[in-house]
Amino acid sequence: MKSLDVITIGRSSVDLYGLQVGGRLEDMGSFNKYIGGSPTNIACGAARLGLRSGLITKVGDEHMGRFIREQLQREGVDIGGVVTDPERLTALVLLGIRDEDTFPLIFYRENCADMALNEGDIHEKYVASARAVVVTGTHLSNPRTEAAVLKALGFARAHGAKTALDIDYRPNLWGVAGHGDGESRYVASRQVTDKLQSTLHFFDLIVGTEEEFHIAGGTSDTVAALKAVRAVSAATLVCKRGAKGAVAFEGVIPDNLDEGVSGEGFPIEVFNVLGAGDGFFSGLLKGWLDGKDWALALKHANACGAFAVSRHGCTPAYPSLEELEFFLKRGIQQPDLRNDAELEQIHWSTNRHRNHAEDWPEYRVFAFDHRMQLEQLAGYTLEKGGAFKELCLQAALQVQAGRPGYGILCDNRIGRKALHAASGSGLWIGRPCEWPGSRPLTLEPELGSDYGGLGEWARENVVKVLCFCHPDDDAETRADQEATVKRLFDASRRNGLEFLLEIIPSKVGPVDDQTAAVLIQQFYDIGIFPDWWKLEPMKTQAAWANTISAIEKNDRHTRGIVVLGLDAPEAELAASFEVAAAFPLVKGFAVGRTIFGDVARLWMTGEMEDEEAITEMAERYRRLCSIWDQARTVAREKAA
């Protein structure tokens, strides 16, 4: 058994994708940042489909290089072959969407890190760990990178791995078109054709568009080009034909392309063709490496390509395996897939940063996002409030000690310095939006009337909103609050931010075993799918069971539930933890005043020093973590 299914080799870049659609790249004023480069996209797309993928490339020793490394890990791609180059910058691409036929693109790749890949970066043990090795054409354009590619292919063949080539022809990256022609897909060049043909015999699978086979075959006649490639390679050839789909040829090339093996296509709206070929290749790899026939492999590849052309970006557009299977079973409901709400929910929930869900079975959150409660304390000033929240952060970090499974809730109005300092610490970070105590719900003014303030939030911040609501609310109050939460939820998704919905019905009216479940269903009914739920502790198994049933009926992929504290004493929290911990969907707690309440009162009036405050809060936080962990352990032992 090999540890990896596929390793891709070659380009790795940061894509800055223009957000304005329908205009010139010159006029685009804001951009989304994604990872890019064909082999990088393919590795990510393959990982999303359940293949164990790795990447061999080089990145710079700077922020963008680190971004690529971190994002690859979030996507589940092995980075054992990613080398850091201390002398060169990570490659950069600026690109945009003008219309369905025009996609302006500029490559910033002068002496970039990935083009410095050399033979010394290729290690036999790593290549031998894969069932297949995929090469993309750009790295055959330079003697240094070509030597690295050929060395990897040699190791692959020596260890029985399959080999594949994505021709991936970009004329300006071969030096046969100018910098302003990044969008160009074809310029004839005998030199490029000769170089490609000298390597085609190394591959078991060769994939390209008609134009890419033209450059590989040395002629603009597609059938003749395929026959020229067949003359130097026994590989299965897969030719992508745009709206006509793709065809595979295992043996002799027929005189009519329609005689090749084809797969079912998907008539959807074309929004963005950039990266569609990489999505196609990911789906093709899944079928090829799973031993499927070419018709089925091409069907899956076409579906992955359909997702790509219907969404913004390259890697972010690619489907998870569950999303792909859902799409193939349900079919097309509307041709603009990015606006299919049901499909987009599955896409979001199965492709968001998966490492947290997999690696963090427990979430122990120190909540110090309180504002009103601090403002009411004797001795409070805004400056002192901010300083106290920095002490809270230090206590949280002391308990965390670099380990996963810990987090904070912190606001931006009083706790801005602590909130910003927490970024990159490894803590899960939730950030509140509601105006404290408001009912009907209103939000912090910093969000703006259009909630555009979310555009300034760090991507690791989770949007948290507390809504005091109850099934017995009058129609006007319910409609008002639901509209606010829905707008905030939609704005959060638009900005790529996870969403936590906290509901507290007990402050509004009497509760029973059905109260939380009824409220949760009401929010799902209007299209709100929180990544997280924050719920008050429930006293009975039945209440928890009803609540969890309501969530799982609507969203099998929710991150889970954290239990709030409501300033309860430790003994009371311990009792509530014992009940909640029996349910795996309850991931942990988010507790605040039980940890900091007494300390804040003493510190604000000068009766407690900084270090004592940190020590006391850390101890209380640590005890709560132990109480939760013990409750979970007991619950698991009972279940076993």
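The values are calculated or read from the model by the stated rules, or taken from the named source; none is laboratory data. This structure is a prediction, so every number in the text was calculated from the model and none was measured. Here the Cβ positions follow ideal geometry from the backbone for every residue, glycine too, while neighbour counts run over all protein chains shown. Accessible surface areas use protein heavy atoms only, side chains included; no ligands, DNA or RNA. Shrake-Rupley method; radii C 1.70, N 1.55, O 1.52, S 1.80 Å.
Tabulated results
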read-out	value
PHE103 vs. criteria among the aromatic types (Phe, Trp, Tyr), touching an Asp or Glu at 6+ places or on another chain (Cβ under 7 Å) and either without any contact (Cβ under 8 Å) to a residue 60 or more places away in the chain or surrounded by fewer than 22 Cβ atoms within 10 Å (Cβ to Cβ) (or both)	yes
Listing of helices (runs of 4 or more DSSP H) fully contained in the stretch 323-410 that carry 2 or more residues being in contact (Cβ under 8 Å) with a residue 24 or more places away in the chain and surrounded by 19 or more Cβ atoms within 10 Å (Cβ to Cβ)	341-351, 382-400
Qualifying residue in the stretch 114-129 (condition: modelled with pLDDT of 95 or more, of a type outside the set (Phe, Trp, Tyr) and in a strand (DSSP E or B))	no
Some residue of the stretch 476-484 being of a type in the set (A, V, I, L, M, F, W, C) and within 27 Å of ASP567 (Cα to Cα)	no
Test for LYS507: is it under 30 Å from GLN541 (Cβ atoms), open to solvent by less than 10 Å² (accessible area, probe 1.4 Å), at pLDDT 95 or above and not aliphatic (A, V, I, L, M)	no
Residue in the stretch 83-96 that is assigned to a loop (DSSP other than H, G, I, E, B), open to solvent by 60 Å² or more (accessible area, probe 1.4 Å) and in contact with a strand residue (DSSP E or B) (Cβ under 6 Å, 6 or more places away or on another chain) present	yes
Long-range neighbours under 6 Å by Cβ, at least six apart or interchain, first residue open to solvent by 20 Å² or more (accessible area, probe 1.4 Å) within the stretch 118-136, second of a type in the set (Phe, Trp, Tyr)	GLU124/PHE155
The stretch 222-238 residues that are closer than 21 Å to LEU284 by Cβ, paired with ones that are open to solvent by 30 Å² or more (accessible area, probe 1.4 Å) and part of a helix (DSSP H, G or I) (beta carbon under 6 Å, 6 or more apart)	THR222/GLU210; SER233/HIS201
Residue within the stretch 569-590 that is under 18 Å from LEU391 (Cα atoms) and open to solvent by 20 Å² or more (accessible area, probe 1.4 Å) present	no
Residues of the stretch 428-446 that turn out to be in contact with a helix residue (DSSP H, G or I) (Cβ under 6 Å, 6 or more places away or on another chain) and without any contact (Cβ under 8 Å) to a residue 40 or more places away in the chain, as a count	2
Of residues in the stretch 431-462 being among the basic types (Lys, Arg) and in a loop (DSSP other than H, G, I, E, B), the one least open to solvent (accessible area, probe 1.4 Å)	ARG439
Inter-residue pairs, beta-carbon under 7 Å, first over 23 Å from GLY242 (Cα atoms) and at pLDDT 75 or above and in the stretch 173-187, second part of a helix (DSSP H, G or I) and not aliphatic (A, V, I, L, M), 6+ apart	HIS179/ASN172
Yes/no for VAL309 being farther than 25 Å from ASP15 by Cβ and either buried (at least 18 other Cβ atoms within 10 Å of the Cβ) or in contact with a Pro (Cβ under 7 Å, 6 or more places away or on another chain) (or both)	no
Contacts under 7 angstrom Cβ, first residue in the stretch 521-542 being farther than 21 Å from VAL462 by Cα, partner modelled with pLDDT of 95 or more and of a type in the set (Ser, Thr, Tyr), 6 or more apart	MET538/THR547
Qualifying positions in the stretch 158-210 - in contact with a strand residue (DSSP E or B) (Cβ under 8 Å, 6 or more places away or on another chain), farther than 20 Å from ILE253 by Cβ, in a loop (DSSP other than H, G, I, E, B) and among the polar types (S, T, N, Q)	none
Residues (small (Gly, Ala, Ser) and outside any loop (DSSP other than H, G, I, E, B)) located in the stretch 495-514	SER506
Single unsatisfied condition, GLY154 versus (1) out of contact with any Ser or Thr (no Cβ under 8 Å at 6 or more places or on another chain); (2) crowded, with 23+ Cβ neighbours inside 10 Å; (3) assigned to a helix (DSSP H, G or I)	(2)
Residue that is farthest from PRO171 (Cα to Cα) [pool: residues in the stretch 137-146 that are open to solvent by 30 Å² or more (accessible area, probe 1.4 Å) and in a helix (DSSP H, G or I)]	ARG144
Every pair of residues 6+ apart whose Cβ atoms lie under 7 Å, when the first sits in the stretch 458-472 and is within 13 Å of ASP411 (Cα to Cα) while the second is of a type in the set (Gly, Ala, Ser) and open to solvent by less than 10 Å² (accessible area, probe 1.4 Å)	VAL462/GLY430; VAL463/SER492; LYS464/GLY430
Test set (1) under 33 Å from the mean Cα position of the chain (by Cα); (2) open to solvent by 30 Å² or more (accessible area, probe 1.4 Å); (3) within 21 Å of ALA516 (Cα to Cα) - GLN541 fails condition number	(1)
Pair list, Cβ < 8 Å and 6+ apart or interchain, from the stretch 73-87 residues that are closer than 17 Å to GLY120 by Cα to residues that are open to solvent by 40 Å² or more (accessible area, probe 1.4 Å) and not in a helix (DSSP H, G or I)	GLY81/HIS123; THR84/ASP61; ASP85/ASP61; PRO86/ASP61
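Residue-wise test of (1) closer than 21 Å to VAL134 by Cβ; (2) more than 38 Å from the chain's Cα centre (by Cα); (3) surrounded by fewer than 21 Cβ atoms within 10 Å (Cβ to Cβ).
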position: GLN197; (1), (2), (3): yes, no, yes
position: VAL207; (1), (2), (3): yes, no, no
position: GLU210; (1), (2), (3): yes, no, yes
position: ALA216; (1), (2), (3): yes, no, no
position: ALA235; (1), (2), (3): yes, no, no
position: VAL238; (1), (2), (3): yes, no, no
position: GLU250; (1), (2), (3): yes, no, yes
position: GLU259; (1), (2), (3): no, yes, yes
position: VAL270; (1), (2), (3): no, no, yes
